[in-house]
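Report on one structure; see the data block that follows.
The values are calculated or read from the model by the stated rules, or taken from the named source; none is laboratory data. This one's a predicted model, so the numbers in the text were calculated from it and none came from an experiment. Here Cβ is always computed from backbone atoms with ideal geometry, including for glycine, and neighbour counts include all displayed protein chains. For the accessible areas, the whole protein counts, side chains as well, though only heavy atoms, and no ligand, DNA or RNA atoms are used. Shrake-Rupley method; radii C 1.70, N 1.55, O 1.52, S 1.80 Å.
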Amino acid sequence: MDNNDLKVIDEKINKCVKCKSLVEKFPDLETVYLGIDNDIVLVGEAPANNGWRKSHKLWRNDSGKILPSGVVLQKLFDIIDRSIFDTTFLEAIKCYPLMRKNLHTCSVNCKQFMLEQLNILNPKLIITLGEFPTRVLLDFKFNNFSQVVGKIHECNGFRILPIYHPSPISPKSYKGNIPIFEELSKLLETNKIV
């Protein structure tokens with residue numbers, strides 16, 4: 001992997017004006033948070049209003065406190081003996097959408113950037129955080145998220161594992177994801193994924 005290739009994509013993202021009236025630009029120069037390796041990459045929906053885009057620190061608010069979604073996700077990552085802070089992360093949408101109704105338009109405009117980043121990172125597994133990034137990445141339509149969540153799908157040369165979004169406001173954020181991470185732990189132990 002060449003970090004310079006990722007920087008070239010970030011320069012393209014910074015110059016992009018397709019969603020100009022729909023978003024606030026991402027203020028950081030880098031839109032990928034690099035972990036200690038890229039075997040697992042997390043893909044979120046879009047920059048959180050109170051997280052990375054303001055604090056410049058993944059999973060933390062501007063006072064340095066771990067965000068509630070980060071707390072839940074770390075509990076799940078404890079099952080696979082990993083840290084969310086050591087895991088590569090990027091967003092399906094690169095800038096902050098001012099209104100949720102614009103998520104689809106923004107995702108269409110950002111998809112090529114995300115795919116270019118993923119091709120450079122070349123993960124063995126992508127974990128999508130919730131329904132939205134899952135719909136962006138999977139190359140087939142599904143009616144209900146329950147049809148795809150917790151199952152590994154092969155699309156566009158990637159292995160994608162959708163999980164319930166780790167936000168505590170989601171009723172399945174923790175308990176619904178436990179069986180998924182227990183199964184993932186077994187796959188990791190037997191080297192069936194990474």
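Tally the residues that are surrounded by fewer than 14 Cβ atoms within 10 Å (Cβ to Cβ) and either under 13 Å from P133 (Cβ atoms) or aliphatic (A, V, I, L, M) (or both), restricting the search to the stretch 103-115.
Count: 1.
Rundown of residues vs (1) modelled with pLDDT of 95 or more; (2) among the β-branched types (V, I, T), yes/no style:
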{"residue": "V43", "(1), (2)": "yes, yes"}
{"residue": "K57", "(1), (2)": "no, no"}
{"residue": "V71", "(1), (2)": "yes, yes"}
{"residue": "T87", "(1), (2)": "yes, yes"}
{"residue": "M99", "(1), (2)": "no, no"}
{"residue": "F113", "(1), (2)": "yes, no"}
{"residue": "P123", "(1), (2)": "yes, no"}
{"residue": "P133", "(1), (2)": "yes, no"}
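Does the stretch 87-102 contain at least one residue that is surrounded by 15 or more Cβ atoms within 10 Å (Cβ to Cβ) and acidic (D, E)?
Within the stretch 87-102 (the criterion being surrounded by 15 or more Cβ atoms within 10 Å (Cβ to Cβ) and acidic (D, E)), the answer is yes, since at least one residue qualifies.
Which pairs turn up if I take residues in the stretch 28-50 that are under 19 Å from T105 (Cα atoms) and open to solvent by 30 Å² or more (accessible area, probe 1.4 Å) and look for partners that are at pLDDT 90 or above and charged (D, E, K, R) with beta carbon separation below 9 Å, at least 6 apart in sequence or on another chain?
Once the first residue is under 19 Å from T105 (Cα atoms) and open to solvent by 30 Å² or more (accessible area, probe 1.4 Å) and sits in the stretch 28-50, its partners that are at pLDDT 90 or above and charged (D, E, K, R) give E45/E91; E45/E131.
Just to be sure I understand the filter: pairs with C-beta atoms under 7 Å, separated by 6 or more residues or on different chains, first member in the stretch 182-194 and open to solvent by less than 90 Å² (accessible area, probe 1.4 Å), second member part of a helix (DSSP H, G or I). Which pairs pass?
Cβ pairs passing all conditions: S185/I79; I193/L187; V194/L188.
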